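K.L.:
Can you read through this structure? Questions will come right after.
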């Protein structure tokens, strides 16, 4: 008989080339904690996932895309909300970011994103996901702003 300890976490890797060497970036998938952090920090992403995308300003979502991508990568490599991992994810080339995101989605949603989104909508109903995410992640509720507070890494100047 298989136990949870035998199968968790499901891991795979994505090859990333740097300086003539190939590294295997470990992908664990996004946990419930990671999903709650993402949904808390990115309300527009939550709306898109739960079928309320028509309530999202497309320009706003596009402007948030680099931050959302970096946060998904951090969460999908086992480090949801961790600033140093988010900053490192920002530094990946776009092609590498998309290869990593693709693998994260495959591992996190083996049956596809659609069935997950349907279950999430059904389970949450009128639930305030901000409060749930705050409780799960151990953060105090922020009643002033739900916008992500993290800043993009600054480019070094010579």
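The values are calculated or read from the model by the stated rules, or taken from the named source; none is laboratory data. The structure displayed is predicted, hence computed values, not measured ones. Cβ placement follows ideal geometry from the backbone for every residue including glycine, while neighbour counts extend to all protein chains displayed.
K.L.:
Condition test on residue 41, is it out of contact with any helix residue (DSSP H, G or I) (no Cβ under 8 Å at 6 or more places or on another chain), under 21 Å from residue 119 (Cα atoms) and either at pLDDT below 95 or buried (at least 16 other Cβ atoms within 10 Å of the Cβ) (or both)?
P.N.:
no
K.L.:
May I ask you to list the residues in the range 63-92 that are touching a residue at least 24 places away in the same chain (Cβ under 8 Å), more than 26 Å from residue 8 (Cβ to Cβ) and either under 12 Å from the mean Cα position of the chain (by Cα) or surrounded by 22 or more Cβ atoms within 10 Å (Cβ to Cβ) (or both)?
P.N.:
Matches in the range 63-92: 66, 67.
K.L.:
Something else now. Counting only residues that are over 18 Å from residue 16 (Cβ atoms), give me the helices (runs of 4 or more DSSP H) lying completely in the range 72-125 with at least 3 of them.
P.N.:
The qualifying helices (runs of 4 or more DSSP H) are 113-124.
K.L.:
Something else now. Considering the range 17-43 alone, what residues qualify as being assigned to a strand (DSSP E or B) and closer than 11 Å to residue 77 by Cβ?
P.N.:
Matches in the range 17-43: 25, 26, 27.
K.L.:
Could you grab me the full set of residues in the range 13-32 that are surrounded by 10 or more Cβ atoms within 10 Å (Cβ to Cβ) and over 17 Å from the mean Cα position of the chain (by Cα)?
P.N.:
15, 16, 17, 18, 23, 24
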